[in-house]
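Presented below is the structure to which this report refers.
Since every read-out is calculated from the coordinates, none of them should be taken as a lab result. No experiment lies behind these values; they were computed from the predicted model shown. Cβ placement follows ideal geometry from the backbone for every residue including glycine, while neighbour counts extend to all protein chains displayed.
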Amino acid sequence: MAPALSDTSSLDAKAHAEAVTRNSGTSFYGAMRVLPPHKRDGMYAVYAYCRKIDDIADNDNPIATKIGELKEWRTEIDRLYLGSPVTPTGRALLDPVRAFDLRKADFLALIEGMEIDAQERVAMPNLATLEHYCDCVAGAVGMLSVRIFGSDSVQAEELARTLGRALQLTNILRDVVEDSRRNRLYLPYDMLKAAGIESDDPGAIVKDPRVQIVCANLARIADNYFTAAQNALTHLDRRQMRPAVVMMHVYRGYLDRLLLRGWSDLEKPVRIPKIQKLWIAVRYGLF
């Protein structure tokens, strides 16, 4: 195994990860701050990694460039597990990987999800493919997170899987029009065809009145996953899982507002006021 980082390098890497998290403007920065220092540093490092990978998939570079950059991150994850990462984010992950026994497969799953998003066109042939995508881009992050929170139990992994799917499906329903403008359609084609929609053009699909049926069905699936996540949480230390609880309540709020808005005007924005997010963070993050 490679020698440990010097104290100075370790501190620089931690500061980098916290800065990435803080500067991202994420509403969950406050929820992370309530964690004990070693767990907080671990979450900052994981978030910084997620941010770096996500930014690659979402930038305007050519597809080949994006895929190449994601391949470089696969190499960096290999180096991380050999004990010799070279990027600031990789170095920030070194201590958390060792301290919390974080799994390499979860880091690679996130890259797999971003490789899907990096393509010129994103489409989901069926619900199973969509759920696998959700497991990559959200569930894998949850798997890393629950280990940092303090549990690697079957119930903790069930929380990570079900909550990850609930959050990502809510994101998809919230951003369906915006995604369509980027040639991304996460609504499964098997569900679209069942509703009578044969087009494969994202722009045309989101304007088809029958898409309301698909959105409503997908919302029910998301609701079921929120319920499953809540059930998994009953078998876990709720205080230990506080950041996950905060995320669950924020995104449950988004889904409730989407259901209240309905699906006839997908362009009508749905937001949660910052003050309410703050209240949720205080209510569920501190108690």
- Task: Report, in degrees rounded to the nearest 10, the 0 to 90 angle that the Cα long axis of helix 211-233 makes with the longest principal axis of the chain.
- Result: 40
- Query: With each label point set 7 Å from Cα along the Cα-Cβ vector, what nm distance links Asp265 and Lys104?
  - Reply: 5.2
- Message: Assuming 0.36 nm per residue, please report the length gained on full extension of the stretch His38 to Arg22 beyond their Cα-Cα distance.
- Response: 4.1 nm
- Item | Cβ charges +1 (Lys, Arg) and -1 (Asp, Glu), total dipole of the stretch 8-120, debye | 580
- Query: Looking at the square roots a ≥ b ≥ c of the eigenvalues of the Cα gyration tensor of the stretch 121-287, which shape do they give, rounded for a/c under 1.5, prolate if a/b is larger than b/c, or oblate?
  - Reply: prolate
- Quick one: which residues, 5 or more positions from Arg184 or on another chain, have an amide H under 5 Å from its amide H? H modelled 1.01 Å from N in the peptide plane, none for Pro or chain starts. Val122
- From the Cα gyration tensor of the stretch 87-146, with a ≥ b ≥ c the square roots of its eigenvalues, which class applies: rounded if a/c is under 1.5, or else prolate if a/b is larger than b/c, or else oblate? oblate
- Excluding the sites themselves, what is the longest stretch of the chain that contains no GluC sites (Glu not before Pro) in a DSSP loop with at most 11 other C-beta atoms within 10 Å? 1-119
- Query: Which of rounded, prolate, oblate describes the stretch 17-111, given a ≥ b ≥ c as roots of the alpha-carbon gyration tensor eigenvalues and a/c under 1.5 marking rounded, otherwise prolate only if a/b is larger than b/c?
  - Reply: oblate
- Per the helix-only model, the chain has a calculated mean residue ellipticity at 222 nm (DSSP H runs of ≥4, -39500 (n - 2.57) each, divided over all residues, rounded to the nearest 500) of -23000 deg cm²/dmol
- Crossing angle, helix 88-100 versus the chain [Cα axis fit, 0-90 degrees, rounded to tens]: 80
- With Cα coordinates, the longest principal axis of the chain makes an angle with the long axis of helix 63-82, in degrees rounded to 10, of 40
- Note on the structure: Among the stretch 169-184, those whose backbone N falls under 19 Å of a label point 7 Å along Cα→Cβ from Ile272 are 169-176
- Sparse-neighbourhood loop hits (trypsin sites (Lys or Arg not before Pro), the stretch 212-259; DSSP loop; Cβ within 10 Å at most 15 others) -> Arg238, Arg239
- Query: What does the charge dipole of the chain about its Cα centre add up to, to the nearest 20 debye, if the Cβ of each Lys and Arg holds +1 and the Cβ of each Asp and Glu holds -1?
  - Reply: 1080
- Query: What pairs in Lys71/Lys104; Lys39/Lys66; Lys66/Lys104 have C-alpha atoms more than 25 Å from each other?
  - Reply: Lys39/Lys66
